1. What ranking do Ser419, Ser248, Ser392 get, fewest neighbouring Cβ atoms within 10 angstrom at the top?
2. Roughly how many Å is it from the Cα centre of segment 413-490 to that of segment 217-238, as a whole number?
3. Taking square-rooted eigenvalues a ≥ b ≥ c of the alpha carbon gyration tensor, is segment 292-419 rounded, prolate or oblate, where a/c under 1.5 means rounded and, failing that, a/b exceeding b/c means prolate?
4. For every other residue with a beta carbon closer than 10 angstrom to the beta carbon of Thr418, add +1 if it is Lys or Arg and -1 if Asp or Glu, then tell me the sum.
5. Name the shape class, rounded, prolate or oblate, that the alpha-carbon gyration tensor gives for segment 216-271, where a ≥ b ≥ c are the square roots of its eigenvalues, rounded holds for a/c under 1.5, and otherwise prolate holds if a/b is larger than b/c and oblate otherwise.
6. Beyond 24 Å, what share of the Cα-Cα pairs of segment 125-274 remains, rounded to the nearest whole percent?
7. State, as an integer percentage, the relative contact order of segment 306-541 based on alpha-carbon contacts under 8 Å between residues 6 or more apart.
8. How compact is segment 117-207 by the rule of thumb for globular proteins, expressed as Cα Rg over 2.2 N^0.38 Å?
Amino acid sequence: MNIQRLHELIDAWRDGELTEATAAELSQLLRDSEEARRVFHAEAQMHGLLHLAAMAEAVEKAARPESWRTRSAAADEAEKPRRSGARIISRKFLLAAAGALVLSVVTVLIWLHVADQPEPPKHFATLIRAVNCVWDGPTHAQPGDRLTAGALKLRKGTAEIRLASGVDLLVEAPADLELVDVGNSVLHTGRLVVRVPSTARGYAVDTPKARVVDLGTEFGVDVQADGETVVQVFAGSVVAELKKPDPSGRRSRRLAAGETVHIAASDTVELQRVAFSPERFLRTFSTPSVHEGDVLIPFKPSQISSLDILAAPGQVTVDGDLADWDLSGGFEARCAEPFAESCYVRGSMMYDKQYLYVAARVGDPMPMRNVIDPRNDPWSAWVGGSVQLRLSTDRALGWPVGAMKPSCRRGEADPRDTSGRIAHLTLWYFQPRDEPCLEVRYGMDFDRGVVNPPGWRGAFRKAPDGKGYTLECAIPWTLLGAGGDPPRPGDELGLSWTVNWSDASGKRWKGQLVEIKNPAYAARGKQLTHMYAETWGKAVYR
């Protein structure tokens, strides 16, 4: 601390000559230094006392001048009213001076109190997604909330947290996680998957038994209540550093993708390699990420701008067998080479007064492996392998559909953006329960939806060669906002299809094909069908 500079600033404060900049400089000195606060307190107190003494002396002289002592008694008698008034004035001045001192001291105390306060907590993380979350303790975070350092105790559900550094944390309940800063966290108990971009290399997770340091990777950490720990690497590599050496004297081990270690709960900490299991951790981050070395199914520009939706020729049995379908209005699309033979879709749609029917034959090297539970995380189900449709059932919206994600629109809100007759359908097969699944989201804001609602019917059937599947479903118009006014022949409405592929785990997205798009809007750079409905192609009802 520069004591001379401190005294200069205190002198300027005392003389009323502080500028905005020097006031800020003095405040910073008082926050940072106990010695500076002590000096300021002493100077302020002395300044107040001297000011009070000077005022008292001046008032006393004004109230009792020396000439009064030499006057005659008669004169004294005549002057008594004036002297009495002067004494009253003297008391008023003294009271005012005392008040000024008190105000000065209070001001100093307040300043010192403020200076002693810690700086406001810094936000360095955001809760991106919370699925069925129940929190313990004072934290009841909601998606979009900014987070500071501290404990997060998740009793139920899954939560995704994004740090300012770009690191993603996926927490699976029950879990006790402590956020430290952008480079560190502590997992006391629970499951945590960490995805680290190259710019944040070195992120570390501490556990009771070890410290796991990222080397550019995605990894999972599982800590049981007794401290037993499992570390598994999905991509890249990590270093697992033991808090104390194992029996061989070793304190660390480097793990590469596909490797897993177990750290026992006993006092004798040991690193033991165990079998890698893709099912051990939940890894459904809200946005797909492609790591170095991954083989991503390549995107292919849309080549189809419309689809004919035909009137159903009769009753449709939803069983995964399309023998009772009129497939003449369908389309076929394939991914780019070298995946054209293995990743493709042949899609068809029909309708009647009660239902919209959807059928698809999908080429998929890893068919029907989706393990994302519709009861826990339907929003992320698309990444595990799925078919998605985006459509409008409102002829008043016409085509192209002029709705978009509200945050993409400049100016006032547009009611088209939140229309209940705009629907986003995700269809998938939940392998653990052999369950066909449907999620419906409404509007371009996606703020409401239903999962496996009553009235819909769906069936999946794996191809005989195990390299694909057939999807068939019937969706009531009531679920699409058109129960009282379903589409009819001649309607031209918005529609787009997306097929997603996953890896063998049924959790990790590997690529997609987006078809039936409006080529005019794609040429303008608006490629994202979930954000701009005007990119959707045309559904022609026959």
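Read-outs: derived from the displayed coordinates by stated rules, not from any lab. Computed from a prediction, not measured in an experiment: that's the story for all the values here. Counting neighbours? That spans all protein chains shown, and the Cβs are built from the backbone with ideal geometry, glycine included.
1. The most exposed by this proxy come first: Ser248, Ser419, Ser392.
2. For segment 413-490 versus segment 217-238, the Cα centre distance is 36 Å.
3. Since a/c reaches 1.5 but b/c is at least a/b, the shape of segment 292-419 is classed as oblate.
4. Residues near Thr418 contribute -2 overall.
5. Oblate shape, in that a/c is at least 1.5 and b/c is the bigger or equal ratio.
6. 28
7. Rounded, it is 27 percent for segment 306-541.
8. 1.01
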